[in-house]
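Below: one structure, written as structure tokens.
Read-outs throughout are calculated quantities, based only on the coordinates presented, and are distinct from any laboratory measurement. On a predicted model such as this, the values are computed, not experimentally measured, just so you know. Cβ: placed from backbone, ideal geometry, glycine included. Neighbour counts: every protein chain shown.
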Amino acid sequence: MNKKTADVLVITPHPDDAEFGAAGTVVNLVRKGKEVVYIVCTDGSKGTDDINVIPEDLVKIREKEQREAAKTLGVKDVIFLGYEDQNINETPEFRKEIVRLIRTYRPELIISSDPYRRYIWHRDHRIVGRVVLDAVFPYARDVWAYPDLIQEDLQPHNVNEMWLWAPEDSDINFRSDITDTFDIKLKALRCHKSQIKESFSAEMEKWLCTRAKDLAEGEDFKLAEGFHRVEIWW
Ligand SMILES: [Zn+2]
């Protein structure tokens, strides 16, 4: 019997996406006693506007930053799949890798990127979101999808829910209360020093606060993260 389990998998295209999209919600889940594991699909090697930064160095820096941010939030483990930033593809191998992780960790909830945000949306975000949706249904569920995984005792698994971050505003159907966890979200984001320049940090935090207030409009709490929630019918 496989002992590596998690209540929640956060499957993210780049190091830092999970903090922008879902960190406040992740802390809420951890506080409820849920075990959360991050899967970071790409290596983040293109995340710089400085031509003098060597991609291999950036990969190591970003891995360290992501581990620190995850630790700040109480995430149990971070797994880096190491696909090249801006060059991830919707391949059968990538889909199978996600299915393998779903069947290993057997989460009730997966948090990932909404692939259906329109027009200007990072290609990696579109691809990861799509592959995760396909992996959840039907590939993780169906016994004949991967007979070789069954041979390894990676049995079919049904995920109950998906929460997809950064949907179109009109697609937001779940607003998660992050009033008490917003400060920790900012603390985790500050770990991503290679991504958020110090000179821009205050401005960005102000923008994030305004956005969180806007997302909580009409709710009985002050700050929110917004998701497209998919409850699965099985
Ligand atoms: Zn990203």
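Listed here are the pairs Lys96/Lys222; Lys3/Lys213; Lys4/Lys213; Lys4/Lys185; which of them are more than 32 Å apart at the Cα?
Details: Lys96/Lys222 40 Å; Lys3/Lys213 40 Å; Lys4/Lys213 37 Å; Lys4/Lys185 26 Å.
Pairs exceeding the cut-off: Lys96/Lys222; Lys3/Lys213; Lys4/Lys213.
Report the percentage of all Cα-Cα pairs in segment 17-130 whose separation exceeds 17 Å, rounded to a whole percent. Could the numbers behind the result be given before it?
On the way: 3829 of 6441 pairs.
For segment 17-130, the share of Cα pairs beyond 17 Å comes to 59 percent.
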Compute a Gaussian network model of the chain, connecting alpha carbons closer than 10 Å, and tell me which residue from Ser113, Ser176, Ser199 fluctuates the most. Ser199
Using per-residue counts of other Cβ atoms within 10 Å, averaged over each peptide, order 68-77, 49-58, 205-214 from highest down. 68-77, 205-214, 49-58
Segment 1-95: relative contact order from alpha carbon pairs under 8 Å, six or more residues apart, as a whole percent, is 34 percent
What helix-only [θ] at 222 nm does the chain give? Using -39500 (n - 2.57) per DSSP H run of at least 4, over all residues, to the nearest 500, the answer is -12500 deg cm²/dmol
What whole number of Å gives the distance from the Cα centroid of segment 37-107 to the Cα centroid of segment 160-178? 22 Å
Enumerate the amide H contacts of Val10 below 5 Å, restricted to partners 5 or more residues apart or on another chain; note that Pro and chain-start residues carry no placed amide H. Val37, Tyr38, Ile39, Ile111
Log entry: pair-distance distribution for the chain, C-alpha pairs binned every 10 Å from zero, whole % per bin is 8, 32, 39, 18, 4, 0
